[in-house]
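Participant: Have a look at this one.
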Amino acid sequence: MTATNRIQDQFLGQFKADKTEIVVFFVNGFQMKGIIEDYDEETVSLYSQNKHHLIYKHAISTFTVDEGTEE
């Protein structure tokens, strides 16, 4: 399966292109709100609170659109 066919890449790519504010839920219960700058097979770069964060995907449980920005 190529990277462009993976469901996670479709979600992440759309969120990145639209600059959608999302909430990332981590496996330890922590939450972070931000905008996806980029991503690869193992990591997601998230811009949150005027800082750039590199997050390993294995630490992410779920991500969703921030309810305050949903249309």
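Participant: Please determine, by comparing only the residues of the range 12-32 that are assigned to a strand (DSSP E or B) and in contact (Cβ under 8 Å) with a residue 12 or more places away in the chain, which one is nearest to residue 49 (Cα to Cα). Can you show your working first?
Facilitator: Here is the first cut: in the range 12-32, the ones assigned to a strand (DSSP E or B) are 21-26, 31-32.
If we keep only those that are in contact (Cβ under 8 Å) with a residue 12 or more places away in the chain too, we end up with 21-26, 32.
On the way: 21: 12, 22: 13, 23: 13, 24: 14, 25: 16, 26: 17, 32: 9 Å.
Among those that are assigned to a strand (DSSP E or B) and in contact (Cβ under 8 Å) with a residue 12 or more places away in the chain, it is 32.
Participant: Any residue that is assigned to a strand (DSSP E or B), within 19 Å of residue 7 (Cα to Cα), without any contact (Cβ under 8 Å) to a residue 12 or more places away in the chain and not aromatic (Phe, Trp, Tyr) - is there at least one of those in the range 33-50?
Facilitator: yes
Participant: Follow-up. If a residue must be modelled with pLDDT of 95 or more, exposed (fewer than 10 other Cβ atoms within 10 Å of the Cβ) and under 15 Å from residue 64 (Cβ atoms), how many such residues does the range 1-28 contain?
Facilitator: 0
The values are calculated or read from the model by the stated rules, or taken from the named source; none is laboratory data. The structure displayed is predicted, hence computed values, not measured ones. In this analysis, Cβ positions are derived from the backbone assuming ideal geometry, glycine residues included, and neighbour counts consider all displayed protein chains.
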